[in-house]
Amino acid sequence: MTKLMEWLTGAVLILGPWSAVVTNTIQNEFTKQYYMEILLFPVFLVAVFGLVSIAVIAYRVYTFNDCQEAAEELQQQIKEAKADLAKKGLKLD
């Protein structure tokens, strides 16, 4: 199952019953008592999704690997390129 199908399945499973309650297709004591909470449920889900996304991004940034060898190699290549360009007559600051 692709990620798109997973998201669409989840959306249908959540929004199907929710829309039935909001349009009063399903009526019982529970839906009457908690109508406002049910109405705001998608907003709550979006807020939770945003918070989880921020937490995942913060964790990934915190645990991002620093590649010292690659940085040193890049600095060496920059020095070599500057030296090569200086030999060809280009002045760099």
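Might you report the magnitude of the Cβ-based charge dipole of the stretch 1-76 about its Cα centre, with Lys and Arg at +1 and Asp and Glu at -1, to the nearest 20 debye?
Using only the charged Cβ atoms, the result is roughly 540 debye.
Of 64, 1, 89, which is farthest along the charge dipole of the chain in the positive direction, counting Lys and Arg as +1 and Asp and Glu as -1 at C-beta?
Farthest towards the positive end: 89.
Note the full-extension length gain between residue 26 and residue 79 as 0.36 nm times their separation in residues minus their Cα-Cα distance, in nm to one decimal.
Taking residue 26 through residue 79 to full extension adds about 11.9 nm, to one decimal.
Which of the lysines could a cross-linker bridge to residue 3, judged by Cα under 29 Å and excluding same-chain residues fewer than eight apart?
Within reach: none.
For the chain, take every pair of Cα atoms, bin their distances at 5 Å starting from 0, and report each bin as a whole percent.
Over the chain, the share of Cα pairs per 5 Å bin runs 2, 10, 10, 11, 10, 8, 7, 6, 6, 5, 6, 5, 5, 4, 3, 2, 1, 0 percent.
For residue 79, go through the lysines and keep the ones whose alpha-carbon is under 22 Å away, minus same-chain ones fewer than eight residues off.
List returned: 87, 88, 91.
Can you work out the accessible area per residue across the stretch 1-60, with the rest of the protein chains kept in place, probe 1.4 Å, in square angstrom?
Per residue, the stretch 1-60 has 85 Å² of solvent-accessible surface.
Pop out the ³J(HN,Hα) list for the stretch 40-46 in order, Karplus 6.51 cos²θ - 1.76 cosθ + 1.60 with θ = phi - 60°, rounded to Hz; leave Gly and Pro as x.
Karplus-based 3J(HN,Hα) across the stretch 40-46 equals 8, 4, x, 5, 4, 4, 5 Hz.
At 1.4 Å probe size, with the rest of the protein present, what percent of the exposed accessible area of the stretch 39-80 is carbon and sulfur atoms?
Carbon and sulfur: 70 percent of the exposed surface of the stretch 39-80.
Show me, for the stretch 25-35, the HN-Hα J-couplings you get by feeding each phi into the Karplus relation (A = 6.51, B = -1.76, C = 1.60, θ = phi - 60°), rounded to Hz, glycine and proline as x.
6, 9, 10, 7, 5, 4, 5, 5, 6, 10, 4
Along the positive direction of the dipole of the chain (beta-carbon charges: Lys, Arg +1; Asp, Glu -1; about the Cα centre), which of 28, 78, 49 reaches farthest?
78
The values are calculated or read from the model by the stated rules, or taken from the named source; none is laboratory data. As the structure is a computational prediction, the values presented were derived from the model and not from experiment. Ideal geometry is used to build each Cβ from the backbone, glycine not excepted, and the neighbour counts take in all protein chains shown. Accessible surface areas use protein heavy atoms only, side chains included; no ligands, DNA or RNA. Shrake-Rupley method; radii C 1.70, N 1.55, O 1.52, S 1.80 Å.
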